[in-house]
Amino acid sequence: RSQLERDLTHALQDGQLTVHYQPTVDIGARCIVGFEAFVRWLHPTMGVLPAQRFIPLAEDVGQVWAIDAFVLGETGRRAAAWQGLHPTLSDLVMSVNLSSQQFRDQSVIDTVHHAVSTSGVRPSTFQLEVSEATLMDPRSPDPELLLGRLHALGVRLAIDNFGTGSSSLSCLRQLPLDVLNIDRRFIAGLGSSRDDEVIVRAVLNLAEAFAVEAVAEGVETESQRDWLDEAGCRLAQGYLFSHPVDSTTAEALLRVQVHESD
């Protein structure tokens with residue numbers, strides 16, 4: 001931990017951080033409609049480190065704001081480049097997770113505004129994801145007020161890991177949301193667990209009733225995809241479609257899609 005803490009102070013300035021992208025797909029149309037951004041640390045001796053290895057440390061040492069700003073900026077630049085590849089990609093949505101510590105800091109408004117204004121893309125290209133647990137954390141500021149200010153910037157807002165918290169219905173009723181991400185733990189049981197299937201159908205019905213999108217996370221099998229398609233879930237994400245990939249590979253996936261659509 002001590003070594004990582006020392007190394008982390010140089011990670012940003014030495015260009016060791018990068019962003020990988022996992023596609024979000026339209027199940028019926030079989031096409032990519034967006035990406036979720038995942039920060040990775042290209043550590044000089046430890047190799048590629050996922051976010052869970054260093055984001056908690058970054059929060060402890062006060063580096064998480066700089067990392068989040070980097071991810072937002074990098075994602076905005078990629079979005080501008082990829083949307084410009086072809087008219088069919090003009091509505092590409094880029095999802096970025098807000099850390100719990102960043103969500104509790106009012107400066108997130110300025111960070112997001114700067115990323116949006118410098119990216120050259122429509123604000124709605126950005127989709128900010130906040131876990132349900134973070135929204136319900138008593139240390140968080142008034143979620144309705146903060147999300148309202150973010151929504152006023154024109155960005156999209158999503159609840160991540162939906163269904164695992166304690167106040168899902170109050171979130172839907174009070175907050176300016178655009179998307180519910182159905183937690184992967186429920187998706188894993190599709191086709192084998194009646195309880196999970198009931199929960200997923202209930203979330204899909206809630207999403208429809210509140211006029212928000214639902215995204216199924218953690219789709220790994222064709223049977224899960226087919227179940228979701230039949231249940232009316234339009235959007236999905238998971239290893240069945242693609243692991244998180246670097247920006248070069250993500251762009252290659254988009255170019256193949258564009259070529260097939262022409």
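The values are calculated or read from the model by the stated rules, or taken from the named source; none is laboratory data. Keep in mind the model is a prediction, meaning the values are calculated, not measured. Note that we place each Cβ from the backbone using ideal geometry, even for glycine, and neighbour counts take in every protein chain shown. What goes into the accessible areas is simple: the full protein's heavy atoms, side chains included, and nothing from ligands, DNA or RNA. Shrake-Rupley method; radii C 1.70, N 1.55, O 1.52, S 1.80 Å.
For the chain, a Kirkwood hydrodynamic radius built from all Cα pairs, placed in the Stokes-Einstein relation at 4 °C and 1.567 mPa s, yields a translational diffusion coefficient of 68 µm²/s. Each residue of segment 73-89 was assigned a 3J(HN,Hα) from its phi angle through the Karplus expression (A = 6.51, B = -1.76, C = 1.60, θ = phi - 60°), giving x, 5, 5, x, 5, 5, 4, 4, 5, 6, 5, x, 5, 6, x, 5, 9 Hz with x at Gly and Pro. Counting other C-beta atoms within 10 Å, and keeping those with at most 13, which DSSP coil trypsin sites (Lys or Arg not before Pro) do you find in segment 1-53? Taking segment 1-53 and a limit of 13 other Cβ atoms within 10 Å, the loop trypsin sites (Lys or Arg not before Pro) found are Arg1, Arg30.
Using a ≥ b ≥ c from the Cα gyration tensor of segment 131-262 (square roots of the eigenvalues), is it rounded, prolate or oblate, where a/c under 1.5 gives rounded and otherwise the larger of a/b and b/c decides, a/b for prolate? Oblate is the answer for segment 131-262, as a/c is 1.5 or above yet b/c matches or exceeds a/b. Taking the three principal axes of the alpha carbon atoms in segment 221-262, the coordinate ranges are 32, 25, 13 Å, sorted in descending order.
The modelled label-to-label distance for the pair Glu197/Glu59, using points 7 Å beyond Cα in the direction of Cβ, is 3.7 nm. In the context of the full protein assembly, Ser247 retains an accessible surface of approximately 20 Å², using a probe radius of 1.4 Å and ignoring ligands and nucleic acids.
Relative to its Kirkwood radius, the Cα radius of gyration of segment 80-138 gives an Rg/Rh of 1.06. May I ask you to derive the FRET efficiency for Ser261 and His10 from their Cβ-Cβ distance with R0 = 35 Å, giving the value to the nearest 0.05? Once the sixth-power term is evaluated, E becomes 0.20.
Per residue, how much accessible surface does segment 93-218 expose to a 1.4 Å probe? Answer in Å², no decimals. Ligands and nucleic acids excluded, the result is 44 Å² per residue. Restricting segment 200-262 to trypsin sites (Lys or Arg not before Pro) that sit in a DSSP loop and have at most 11 other Cβ atoms within 10 Å of their own Cβ leaves nothing. The length gained on full extension between Arg149 and Ala209, counted as 0.36 nm times the residue separation minus their Cα-Cα distance, comes to 19.2 nm. Per the Kirkwood formula on distinct C-alpha pairs, the Rh of segment 1-120 is how many angstrom? For segment 1-120, inverting the mean 1/r across all distinct Cα pairs yields 15.5 Å. In the chain, the DSSP-assigned H stretches of four residues or longer account for a calculated mean residue ellipticity at 222 nm of -14000 deg cm²/dmol, using -39500 (n - 2.57) per stretch and the full residue count as denominator. Residue ranking by accessible heavy-atom surface, 1.4 Å probe, largest first, among Thr221, Thr88 comes out as Thr88, Thr221.
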